[in-house]
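Here's the structure, in structure tokens; my notes come after.
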């Protein structure tokens, strides 16, 4: 069974709805990236204010900047994959399933919206038939 054949077998209305959710999620994550960039100085100032009694505040500030940049990059990647996956699912493109699975895996770290949408997408787009599962172990279902 090819992973590209999955879109053609199921109802296109379900994928359009799922695609619209992914498009909205992608736009929200890209808005989050813009907000993280705008308020980066404020976040650094607030974190730095907590470091007045720490023996080595510069090392902790470097770690903070690294983690803050990682969150920005993760949000941008999740937003782009979510938006592109949503548009391809809405359009019925065959690669939409693969993009939605990648977006689902990446978005699981975002609680609660990304977690909910990611798990639903994984459950919906990764069905395991019992006959395929048990065929590997030698038992027929």
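The numbers here are math on the coordinates, done by the rules we state, and not lab data. Because the structure is a prediction, the values reported are computed rather than measured. All Cβ positions, even for glycine, are placed from backbone atoms using ideal geometry, and neighbour counts span all protein chains on display.
A few notes on this one:
- With the convex hull constructed from alpha-carbon coordinates only, the range 3-135 shows a mean projected area of 10.6 nm² over all directions.
- Modelled this way, with points 7 Å down the Cα-to-C-beta line, the labels at residue 73 and residue 116 are 3.0 nm from one another.
- Fewest-first ranking of 25, 39, using other Cβ atoms within 10 Å as the exposure measure: 39, 25
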